[in-house]
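Taking it in order: structure first as structure tokens, then the write-up.
The values are calculated or read from the model by the stated rules, or taken from the named source; none is laboratory data. Just so you know, these numbers come straight off a predicted model, no measurement behind them. Methodologically, a virtual Cβ is constructed for each residue, glycine included, from the backbone with ideal geometry; neighbour enumeration extends over all protein chains shown.
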Amino acid sequence: MLQLQLRADHRRSYVKQMRKHGHIPAVLYGKKTNSQSVFVDAAEFLKQWRAAGGSGLLDAKLNGDHIRIIVRDMQKHPIRHDVIHIDFLAVDAKTEIDVHVPIHLVGEAAGVKDGGVLQQAMHQLSIRALPSNIPPSIDINIANLQVGDVVTVSHIQTNGVYEINHDPTEVIASILPPKQEEEIHSGEEQEPGKPESEEGRETTP
């Protein structure tokens, strides 16, 4: 269970010192929870957040009370890329919420084995669900995809557990023919050994 510590001191020097000792400053809020400034142990948070798939429900404790939270926002250092601030949302177990869940493509597509190229257009899915029904990820098996095949949002089976906040026709992934993929990413290739321009080149008498 993730331990949240109340933060009474808001001075930048204090926050900097807490970060130095392995803590991340955060804010906790919710419909039934007043906004509170807290700290969380960085290593423990990252461990539990990754185990939940980066979008799932986390069990936490604050002042001895058990609460359930999700990460609403997370700021990272622009250079070091470590987490420097988190927004936690306290959730009600009986109220549906909107969250983004990562999409994982499972298996190697048959079309890729035949020389096609996998292009993933969507990497996360916006869904609405009860907190206890939020999946850690949306796994899509692509093993049977052939060159030219497309996976859209409509292919996802929710089993009535959650709603998808996307147009059913939105493309998640497709298998491109090798030539088409090359044109998209590389354009026309120059003939080997032929310079782009003769202008400005020195000649030897």
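Within the stretch 115-139, restricting attention to residues that are in contact with a Gly (Cβ under 9 Å, 6 or more places away or on another chain) and among the β-branched types (Val, Ile, Thr), which residue is nearest to residue 90 (Cα to Cα)?
The extreme case among them is 134.
Are any residues in the stretch 20-40 touching a strand residue (DSSP E or B) at 6+ places or on another chain (Cβ under 6 Å) and either among the charged types (D, E, K, R) or closer than 23 Å to residue 135 by Cα (or both), and if so, which ones?
Across the stretch 20-40, the qualifying residues are 28, 29, 30.
What's the number of the condition residue 93 fails, among (1) under 23 Å from residue 131 (Cβ atoms); (2) hydrophobic (A, V, I, L, M, F, W, C); (3) outside any loop (DSSP other than H, G, I, E, B)?
Tallying (1) under 23 Å from residue 131 (Cβ atoms); (2) hydrophobic (A, V, I, L, M, F, W, C); (3) outside any loop (DSSP other than H, G, I, E, B), residue 93 fails exactly one: (3).
Only one of these conditions is not met by residue 84: (1) at pLDDT 95 or above; (2) within 25 Å of residue 42 (Cβ to Cβ). Which number is it?
(1) is the only condition that residue 84 fails.
Sort out which residues of the stretch 111-128 are closer than 15 Å to residue 172 by Cα and either of a type in the set (Val, Ile, Thr) or free of Cβ contacts under 8 Å to residues at least 12 places away in the same chain (or both), and write them in order of number.
If we filter the stretch 111-128 for residues that are closer than 15 Å to residue 172 by Cα, which is where we start, we get 117-127.
Correct list: 117, 127.
Could you list all residues from the stretch 17-30 that are under 17 Å from residue 49 (Cβ atoms) and either part of a loop (DSSP other than H, G, I, E, B) or without any contact (Cβ under 8 Å) to a residue 12 or more places away in the chain (or both)?
Result: 22, single match.
Have a look at 73, 139, 167 and point out the one that is of a type in the set (D, E, K, R), farther than 30 Å from residue 179 by Cα and not in a helix (DSSP H, G or I). It would help to see each step written out before you state the result.
Numbers: 139 fails: farther than 30 Å from residue 179 by Cα; 167 fails: farther than 30 Å from residue 179 by Cα.
Result: 73 is the single residue among 73, 139, 167 that is of a type in the set (D, E, K, R), farther than 30 Å from residue 179 by Cα and not in a helix (DSSP H, G or I).
Being closer than 16 Å to residue 49 by Cα, more than 20 Å from the chain's Cα centre (by Cα) and either in contact (Cβ under 8 Å) with a residue 24 or more places away in the chain or not assigned by TED's automatic domain parsing to the domain that holds residue 161 (or both) is the requirement here; does residue 94 meet it?
no
Kindly provide the set of residues from the stretch 104-122 that are buried (at least 18 other Cβ atoms within 10 Å of the Cβ) and not in a helix (DSSP H, G or I), ordered by number. Steps first, please.
Here is the first cut: in the stretch 104-122, the ones buried (at least 18 other Cβ atoms within 10 Å of the Cβ) are 105, 109, 111-112, 116-117.
Residues satisfying the conditions are 105, 109, 116, 117.
State all residues of the stretch 31-54 that are among the polar types (S, T, N, Q) and without any contact (Cβ under 8 Å) to a residue 24 or more places away in the chain; if no residue qualifies, say none.
Answer for the stretch 31-54, where residues must be among the polar types (S, T, N, Q) and without any contact (Cβ under 8 Å) to a residue 24 or more places away in the chain: 34, 35.
Against the conditions (1) within 19 Å of the chain's Cα centre (by Cα); (2) under 26 Å from residue 137 (Cβ atoms); (3) not in a helix (DSSP H, G or I), where does residue 59 fall short? Just the number, please.
(1)
Scan the stretch 1-16 and report the pairs whose first residue is closer than 22 Å to residue 65 by Cβ and whose second residue is among the small types (Gly, Ala, Ser), with Cβ atoms within less than 7 Å and a gap of 6+ or a chain change.
From the stretch 1-16, the pairs are 1/60; 2/60; 4/60; 7/37.
Restricting to the stretch 55-85, count the residues that are touching a residue at least 60 places away in the same chain (Cβ under 8 Å) and not hydrophobic (A, V, I, L, M, F, W, C).
Matching residues across the stretch 55-85 total 6.
Working only within the stretch 57-69, note down all residues that are small (Gly, Ala, Ser) and buried (at least 19 other Cβ atoms within 10 Å of the Cβ).
Keep residues of the stretch 57-69 that are small (Gly, Ala, Ser), which gives 60, 64.
Once the filter is applied, which keeps residues that are small (Gly, Ala, Ser) and buried (at least 19 other Cβ atoms within 10 Å of the Cβ), the stretch 57-69 yields only 60.
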